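Contents: one structure, followed by commentary.
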Amino acid sequence: MEHIMDNPTRTTPLPEIQADADVSPSAYQAYQLLRAGFVVAPIVAGLDKFFNLLVNWEQYLPPFVNKIVGGHGHELMLVVGVIEIIAGLGVFFKPKVFAYVVSAWLLLIVVNLLMIPGYYDVALRDFGLALGALALARLSQEFDR
């Protein structure tokens, strides 16, 4: 596995990667699993900002942020939803770049959640997701076309 992380110059096309004895099939499977997850999750969460079927997303907005946006917290969450949809699509098309974007976005969500008492468990979960997105970004250096 070390050779995967330490070889940033590899530019082998995807079909040759699978046949390359130098690359672990498990690493490629991990890449595909992480990529699928970080395409689907941001898109679903982003779409749900418009419907609130999974959760009322505005509860994750600190009151002072709602005041900063003039009481338009709902509209802010719609913008957040659009950003998350774009991030998920970005991971689908260009994981080498957008996995870093998703990781950074999740870290911003963690900071946001730490400002709201009672959501530390969700912040911890999102920190784990940020690490997963970072792992995808690193694997994308090897496997992205």
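Bear in mind that the values in this text are calculations on the coordinates, not laboratory data. On a predicted model such as this, the values are computed, not experimentally measured, just so you know. All Cβ positions, even for glycine, are placed from backbone atoms using ideal geometry, and neighbour counts span all protein chains on display.
Computed quantities for the displayed model
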{"item": "Efficiency of FRET from Cβ geometry, GLN29 and VAL79, R₀ 25 Å, rounded to 0.05", "result": "0.10"}
{"item": "Sum of side-chain charges, ALA41 neighbourhood, beta-carbon under 15 Å (Lys, Arg +1; Asp, Glu -1)", "result": "0"}
{"item": "Karplus (6.51, -1.76, 1.60) ³J(HN,Hα), θ = phi - 60°, over the range 49-59, in Hz, Gly and Pro reported as x", "result": "4, 8, 10, 6, 7, 7, 6, 7, 5, 5, 5"}
{"item": "Karplus-derived 3J(HN,Hα), 6.51/-1.76/1.60, for each residue of the range 79-84, Hz, glycine and proline x", "result": "5, 4, x, 4, 4, 5"}
{"item": "Pair ASN56, VAL40: separation of 7 Å Cα→Cβ label points (nm)", "result": "2.9 nm"}
